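Below: the structure, in structure tokens.
What follows draws every value from the coordinates through simple rules; no lab data is involved. Just so it is clear, the structure is predicted and the values come from calculations on it, not from any experiment. FYI the Cβ positions are ideal-geometry reconstructions off the backbone, even for glycines, and counts take in every protein chain you see.
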Amino acid sequence: MGQEIAERYQNVVAKIEAAKQRRTTVPKEAAVTLVAVTKNHDTTAMREAIAAGAADVGENRVQEAKTKFVEIGNCVTWHLIGHLQTNKVRQAVKFSDLIHSVDSLHLAEAINSEAARIDKVQDILVQVNLAKEESKSGIYKEDLFASLQAINALPNLRLRGLMCMAPNYEDVELCRPLFREMYKIFQDVQDLDLPTSNIDTLSMGMTHDYEIAVEEGANMVRVGTAIFGPRQY
Ligand SMILES: *Cc1c(COP(=O)(O)O)cnc(C)c1O
């Protein structure tokens, strides 16, 4: 099993590199951070990925992440990628290096207050619901710039960029125009006057679509199944 995780991890790394070489509209050399999504996998699997080179891990539930954090500690960068409820913010801010799933000003304010309380500046991404799927959270693009301005004004947050999830299309090529549009929005956000922010991260792409996301300009991908195999719920 360990060997398998290591091989799969290396395989994903190689596919990301190959996807970078296929870029046409984005600088080929721009680096991509691979976040190994460990949700529903135990710390044994997690350690195997870390041994294979994983430096970034992603979890979508605060309680599960916290339990693993106690065991694994700070040797990796912790990404919180799932929808965050305000009553979990206190726990989340304790261990999260980057929260990808900020989907409302209300949540941003709650994170800001908690970060201020423990004297931390919390790195965050704003989740965009580009396809306006009811099943997904995220800010609509019409509301995005106003939300980013408001978030930029919160002193204990450092806005790092955007996150999105594409719909689960059977034909994965259908994700391409969405990722391309996200990259354009990301560039527009970099041109906004957001003095306390540092817009350098575009988190998009999961197991079924990360290669296309990288081709279209993702510089962070969140990959679980391709590394750890299917999740048992
Ligand atoms: C689970 C999850 C992923 C990883 O999904 P895979 O298809 O297993 O790669 C990525 N992003 C988010 C927000 C997730 O919840």
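Is it the case, given these coordinates, that Arg231 is more than 23 Å from Thr24 (Cβ to Cβ), within 16 Å of the chain's Cα centre (by Cα) and not aliphatic (A, V, I, L, M)? Steps first, answer last, please.
On the way: more than 23 Å from Thr24 (Cβ to Cβ): yes; within 16 Å of the chain's Cα centre (by Cα): no; not aliphatic (A, V, I, L, M): yes.
Answer is no for this residue.
Within segment 107-126, is even one residue over 17 Å from Ile199 (Cβ atoms), surrounded by fewer than 24 Cβ atoms within 10 Å (Cβ to Cβ) and within 16 Å of the ligand (Cβ to nearest atom)?
Step one: of segment 107-126, the residues over 17 Å from Ile199 (Cβ atoms) are 107, 109-120.
Narrowing the set further to residues that are surrounded by fewer than 24 Cβ atoms within 10 Å (Cβ to Cβ) leaves 107, 109-110, 112-120.
From what is left, the residues that are within 16 Å of the ligand (Cβ to nearest atom) are 107.
Yes, segment 107-126 contains at least one residue that is over 17 Å from Ile199 (Cβ atoms), surrounded by fewer than 24 Cβ atoms within 10 Å (Cβ to Cβ) and within 16 Å of the ligand (Cβ to nearest atom).
Can Asp123 be described as within 16 Å of His79 (Cβ to Cβ), of a type in the set (Asp, Glu) and outside any loop (DSSP other than H, G, I, E, B)?
Here the answer is yes, as Asp123 does meet what is asked.
Would you mind stating whether Arg47 is farther than 21 Å from Val214 by Cα and either within 16 Å of the ligand (Cβ to nearest atom) or in a helix (DSSP H, G or I) (or both)? Give the derivation first.
Details: farther than 21 Å from Val214 by Cα: yes; either within 16 Å of the ligand (Cβ to nearest atom) or in a helix (DSSP H, G or I) (or both): yes.
Judged against the criteria, Arg47 is a match.
Please specify each residue of segment 54-80 satisfying the condition of being touching a Leu at 6+ places or on another chain (Cβ under 9 Å) and either under 15 Å from Ser203 (Cβ atoms) or touching a residue at least 24 places away in the same chain (Cβ under 8 Å) (or both).
Of everything in segment 54-80, those that are touching a Leu at 6+ places or on another chain (Cβ under 9 Å) and either under 15 Å from Ser203 (Cβ atoms) or touching a residue at least 24 places away in the same chain (Cβ under 8 Å) (or both) turn out to be Ala54, Asp56, Gly58, Glu59, Asn60, Val62, Ala65, Thr77, Trp78, His79, Leu80.
Condition first: closer than 20 Å to Ala213 by Cα, more than 18 Å from the chain's Cα centre (by Cα) and free of Cβ contacts under 8 Å to residues at least 60 places away in the same chain. Can you find one or more residues in segment 121-128 that meet it?
Within segment 121-128 (the criterion being closer than 20 Å to Ala213 by Cα, more than 18 Å from the chain's Cα centre (by Cα) and free of Cβ contacts under 8 Å to residues at least 60 places away in the same chain), the answer is no, since none of the residues qualifies.
Give me a count of the residues in segment 203-219 that are among the acidic types (Asp, Glu) and in a loop (DSSP other than H, G, I, E, B). Walk me through it before giving the result.
Going through segment 203-219, the residues among the acidic types (Asp, Glu) turn out to be 209, 211, 215-216.
Narrowing further to those that are in a loop (DSSP other than H, G, I, E, B): 209, 216.
Total satisfying the criteria: 2.
For the list (1) of a type in the set (Val, Ile, Thr); (2) surrounded by fewer than 11 Cβ atoms within 10 Å (Cβ to Cβ); (3) in a helix (DSSP H, G or I), I need the number of the one condition that Ile16 fails.
(2)
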